[in-house]
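A short write-up of the structure that comes next.
The values are calculated or read from the model by the stated rules, or taken from the named source; none is laboratory data. Every value quoted in this text rests on a predicted model; they were computed, and no experiment measured them. Just so you know, the surface numbers come from the protein's heavy atoms only, side chains and all, with ligands and any DNA or RNA stripped out. Shrake-Rupley method; radii C 1.70, N 1.55, O 1.52, S 1.80 Å.
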Amino acid sequence: MDDIEILKSTKLELELMIPGESHTICNALRKILMEDEEIDYAVYGIDHPPLIGEPIITIKAKRTKDPKKSLLKASNKLKDQTEEFKNLIESM
């Protein structure tokens, strides 16, 4: 993964570009973020054509919650789920 670029960062909203990634990681993060009661919405888009478009994720937190903390929490949860899946596969 290349360096993540923060496009917008306010008290309640975070928008970042994740160069070199695809729908896979973006959709997984979006799903986990939407399970967080502190998040109003989490969306992503990749400009067409996907071979040159870079994913942009937008996270909007509720009230006074910090979208960066929610993203970190979601990233750690995704990491744990990936490790658990890897262990299941290796045990087969």
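Each residue of the range 52-63 was assigned a 3J(HN,Hα) from its phi angle through the Karplus curve 6.51 cos²θ - 1.76 cosθ + 1.60 (θ = phi - 60°); the sequence is 10, x, 9, x, 10, 9, 10, 10, 10, 8, 7, 6 Hz, with glycine and proline shown as x.
Once the cut-off is 17 Å, how many percent of the Cα-Cα pairs in the chain end up in the long-distance tail? Cα-Cα pairs in the chain separated by more than 17 Å: 51 percent. Once C-alpha pairs closer than 8 Å and six or more residues apart are averaged by separation and normalised to the residue number of the chain, the relative contact order reads 29 percent.
Determine the share of the chain's accessible area contributed by carbon and sulfur atoms, expressed in whole percent, with a 1.4 angstrom probe.
54
Computed per residue of the chain from DSSP H runs no shorter than four, each worth -39500 (n - 2.57), the mean residue ellipticity at 222 nm is -13000 deg cm²/dmol.
Beyond 26 Å in Cα-Cα separation lie the following of the pairs Lys31/Lys65; Lys60/Lys86; Lys65/Lys86; Lys8/Lys65: Lys60/Lys86; Lys65/Lys86.
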